[in-house]
Each structure stands twice: as C-alpha cells, then as structure tokens.
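Novice: Pasting a structure here, questions to come.
The values are calculated or read from the model by the stated rules, or taken from the named source; none is laboratory data. Quantities reported herein were computed from a predicted structural model and do not represent experimental measurements. Don't worry about glycine lacking a Cβ; one is built from the backbone with ideal geometry, like all the others, and counts go over all protein chains shown.
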Amino acid sequence: MNPKMQVSDAAEYLGVTIQAIHKNIKTNQLETSKSQNKMYFGHKTAKEIFKLDILPTCFTWQNLKGGVGKTNLSFATAARLASYGLEVLVIDLDQQGNFTQACGVDAEDKPVMFDIIKDNINISDCIINIHEGLDLLPSRIENALLDNLFAVNGLPVDRELKKRISPLKKHYDIIFIDCPPSLSSSVCAATLCADYVILPTDPEKFSLSGLQITLNEIKKNISERYDIHVNIKILLNKFDGRTNLSHQVLTALLSDEKFNSKLFKSFIRTSQEFPNSISKGTSIFDSLKPSTAKEDIDLLCHELIDLCKKDEM
Ligand SMILES: Nc1ncnc2c1ncn2[C@@H]1O[C@H](COP(=O)(O)OP(=O)(O)OP(=O)(O)O)[C@@H](O)[C@H]1O
Ligand SMILES: [Mg+2]
C-alpha cells in the first residue's frame with residue numbers, strides 16, 4: 001500500500017490555504033510527489049505539516065456480528081491516520097487473519113498473540129512494518145486457541161493483553177485491535193486494553209439486536225465485573241441512501257438515546273472501493289480520485305483525532 005495525503009486535503013483540515021502548505025513544504029524542503037497535476041505527500045512530510053499532538057490511544061474494532069466492516073474500515077482508517085503523520089499499530093486478533101492478509105503478510109512462520117502469551121515472547125519483537133507509520137502484529141488460525149489458553153492456564157483475562165499492549169503506547173499514537181466477531185475472553189481482554197471501543201454496525205435486519213447484545217455484554221462482563229468505564233462509539237457502515245433499511249436503522253440509532261449518545265457523527269456509505277482496494281492489498285487512499293469512501297473515512301479520522309487530542313481526554 002502507498003496511501004497519499006493530498007496538499008488540498010491537508011489545507012482543508014488545517015484551515016489554511018493551499019499556498020500556505022506549499023510555502024511550508026518549500027521552506028522546510030519537505031518531500032512531495034505529483035500525479036495527475038495533484039501534489040501529495042507521505043507519512044514523513046505529514047508529520048511536519050500536521051504536527052499532531054495527541055495522547056496515545058487504543059481502539060478496538062469489535063462487534064459480535066460478523067461482516068459489519070471491522071476489518072475493511074480499520075484497514076482504511078489505519079492507512080489514513082498514518083497519512084496524517086501518526087504512528088499507527090494494528091493488532092490483528094482475529095484468527096481469520098483478514099487484516100494480515102490485506103497487508104500481504106503471510107503469518108505462517110510469524111509469532112502471533114497466541115504465541116506471545118503461550119511462550120512469553122516480547123511483543124515488540126513480533127511487530128512487522130507494513131508502510132511508513134503503519135505497523136502490524138499479524139494473526140493466523142492459532143489465535144482461535146487464545147481463549148483456551150486463558151481458560152486452561154487460568155490466566156487473568158483482564159491483565160494478559162493489557163500488560164503487553166499498554167507499554168506499546170510509548171511508541172505509537174494509535175493502536176487498533178481488529179477483533180473476531182465474538183464476545184470471547186480474548187475480545188474481553190482486548191476491550192480491557194482499549195480507551196475506546198468502536199462498534200461498526202450495518203443496516204441489516206438484526207444489526208440493532210447485535211449491537212444491543214454487544215452493549216449489554218460489555219456492560220455485564222466488563223464494566224460491572226471489572227468496575228471500569230468503557231467508552232463506546234457506534235459507527236454506522238454500509239449506509240445506502242437508496243434503501244429504506246438504511247434510513248430506518250439510522251433513524252432508530254438517532255432516536256434511541258443509548259445509541260445516539262455513542263454514535264459517531266460520520267457514517268460510512270456503501271462503496272465498492274472498500275472490497276476492491278483491500279483485495280488488491282492497497283488502501284483506498286492509494287488513488288487520488290475523489291470518492292465517497294475517501295470522504296467518509298477522512299471525516300471519521302478527524303473525529304478519531306479529536307478524541308485523542310490531549311485536551312479532549
Ligand atoms: N462501506 C462498505 N461498502 C461496501 N462493502 C463493504 C463496506 N464495508 C465492508 N464491506 C464489505 O463487507 C464485507 C465484510 O467486511 P469486513 O470483512 O470488513 O467485516 P468484518 O466485520 O471484519 O467481518 P468479520 O466479522 O468476519 O471479521 C467485506 O466483503 C467488505 O468488503
Ligand atoms: Mg474482520
């Protein structure tokens with residue numbers, strides 16, 4: 001992948017003119033490239049242009065329901081946040097390893113979270129660089145045994161991941177955990193590491209009941225059992241303005257206070273760009289062509305950055 005940040009997008013985000021960005025680039029001799037008459041830059045230049053000052057923050061992407069977009073959205077968002085100059089780590093905790101495959105990584109001979117816990121391996125030694133600003137702890141099928149490992153060895157679910165993941169905040173601005181579609185012990189352990197839980201949901205018949213079950217389980221199994229507050233953010237995905245169901249689900253989310261108070265302002269519209277790019281191992285931001293997918297993920301990134309800003313937490 002090679003996600004690109006266009007000068008025009010940077011100017012819009014920073015609320016300055018394109019000329020002001022050009023001047024910054026020229027004065028500081030920052031590296032840029034040009035394609036189809038559009039100027040863009042990568043992670044290193046972005047660091048200098050945006051100079052984002054944020055608190056290292058861990059987000060899990062989870063939902064009991066499968067196929068809601070956890071992997072596709074975390075993949076696009078991670079790539080975009082790296083293009084804002086942030087240091088991003090993604091921990092693939094899903095035994096399906098979809099995120100890992102999207103990054104073109106064959107995890108067969110690489111340690112994954114299961115090995116790290118079973119053999120007490122240093123997690124930092126297992127992290128792979130995917131692109132500037134984007135690192136990955138890969139996953140493969142053995143991660144399905146994580147829950148057994150917790151149960152059989154009587155490992156403390158609330159500490160096993162946290163003691164390994166929290167120290168990584170020294171090296172990263174953003175840590176994403178892409179979870180499997182379950183409410184297993186490993187997902188519970190991931191939730192206990194997280195500053196925020198992102199619950200993508202799609203406008204389908206049972207999506208609100210899936211969301212409700214996930215919210216109840218987080219409350220019962222995590223908030224109450226461990227006496228901690230879990231920050232939950234609901235993200236509506238696969239919104240299609242032409243379907244009644246999309247409008248019905250959006251209305252239901254907006255009209256129910258327990259959902260509405262947790263809802264991201266941004267929602268993600270259905271776009272073939274997500275499956276098309278992930279299947280090629282590229283991010284949606286590799287191309288410079290404007291699209292709804294890019295617009296939606298970019299707005300989501302703005303909200304995520306706001307959540308991590310030092311004065312917001
Ligand atoms: N906004 C979108 N527009 C179009 N297709 C989408 C969108 N979001 C996700 N998809 C498609 O929906 C399917 C499921 O997405 P994804 O694999 O990201 O879900 P998931 O929640 O990670 O699934 P799992 O629970 O199996 O891990 C994929 O084929 C993906 O390309
Ligand atoms: Mg997935």
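Novice: Tally the residues that are more than 30 Å from Asp227 (Cβ to Cβ) and either among the acidic types (Asp, Glu) or surrounded by 16 or more Cβ atoms within 10 Å (Cβ to Cβ) (or both), restricting the search to the range 140-159.
Specialist: 2
Novice: What residue, of Gly104, Gly67, is in contact (Cβ under 8 Å) with a residue 24 or more places away in the chain, under 28 Å from Phe239 (Cβ atoms) and not polar (S, T, N, Q)?
Specialist: Gly67
Novice: Checking Glu48 against (1) within 16 Å of ligand 2 (Cβ to nearest atom); (2) farther than 24 Å from Lys162 by Cβ, which test does it fail?
Specialist: (1)
Novice: Could you please give the count of residues in the range 184-208 that are surrounded by fewer than 21 Cβ atoms within 10 Å (Cβ to Cβ) and within 12 Å of ligand 1 (Cβ to nearest atom)?
Specialist: Looking only at that region, the number is 1.
Novice: Scan Thr243, Thr251 and give me the residue that is in the same structural domain as Thr57 (by TED's automatic domain parsing), out of contact with any Cys (no Cβ under 7 Å at 6 or more places or on another chain), surrounded by 12 or more Cβ atoms within 10 Å (Cβ to Cβ) and not aliphatic (A, V, I, L, M).
Specialist: Criteria check complete, one pass: Thr243.
Novice: A further question on this structure: Would you be able to tell me the number of residues in the range 290-313 that are modelled with pLDDT of 95 or more and of a type in the set (D, E, K, R)?
Specialist: 6
Yes/no matrix, rows are residues, columns are (1) more than 24 Å from Phe274 (Cβ to Cβ); (2) hydrophobic (A, V, I, L, M, F, W, C):
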{"site": "Tyr40", "(1), (2)": "no, no"}
{"site": "Thr60", "(1), (2)": "no, no"}
{"site": "Leu73", "(1), (2)": "no, yes"}
{"site": "Thr77", "(1), (2)": "no, no"}
{"site": "Gln101", "(1), (2)": "no, no"}
{"site": "Val112", "(1), (2)": "yes, yes"}
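Novice: I'd like the residue in the range 209-232 that is away from ligand 1 (no atom under 16 Å from the Cβ) and touching a residue at least 40 places away in the same chain (Cβ under 8 Å) and, out of all such residues, is farthest from Leu307 (Cα to Cα).
Specialist: Residue satisfying both the conditions and the ranking: Tyr226.
Novice: While we're on this one: For the range 94-193, please list each of the helices (runs of 4 or more DSSP H) lying entirely inside it that holds at least 2 residues being more than 16 Å from ligand 2 (Cβ to nearest atom).
Specialist: Fully inside the range 94-193 and qualifying: 113-118, 146-152, 157-160, 162-165, 185-193.
Novice: Sticking with this one: State whether the residues of the range 88-98 include one that is away from ligand 1 (no atom under 12 Å from the Cβ), touching a residue at least 40 places away in the same chain (Cβ under 8 Å) and outside the structural domain of Leu134 (by TED's automatic domain parsing).
Specialist: no
Novice: Also, quick follow-up: Take the residues in the range 47-84 that are away from ligand 1 (no atom under 14 Å from the Cβ), assigned to a loop (DSSP other than H, G, I, E, B) and surrounded by fewer than 24 Cβ atoms within 10 Å (Cβ to Cβ); name whichever of them is farthest from the chain's Cα centre (by Cα).
Specialist: Applying the filter and picking the extreme gives Lys51.
Novice: Would you mind finding the one in Asn37, Asn24 that is away from ligand 1 (no atom under 16 Å from the Cβ), surrounded by fewer than 16 Cβ atoms within 10 Å (Cβ to Cβ) and more than 19 Å from Leu236 (Cα to Cα)?
Specialist: Result: Asn37 is the single residue among Asn37, Asn24 that is away from ligand 1 (no atom under 16 Å from the Cβ), surrounded by fewer than 16 Cβ atoms within 10 Å (Cβ to Cβ) and more than 19 Å from Leu236 (Cα to Cα).
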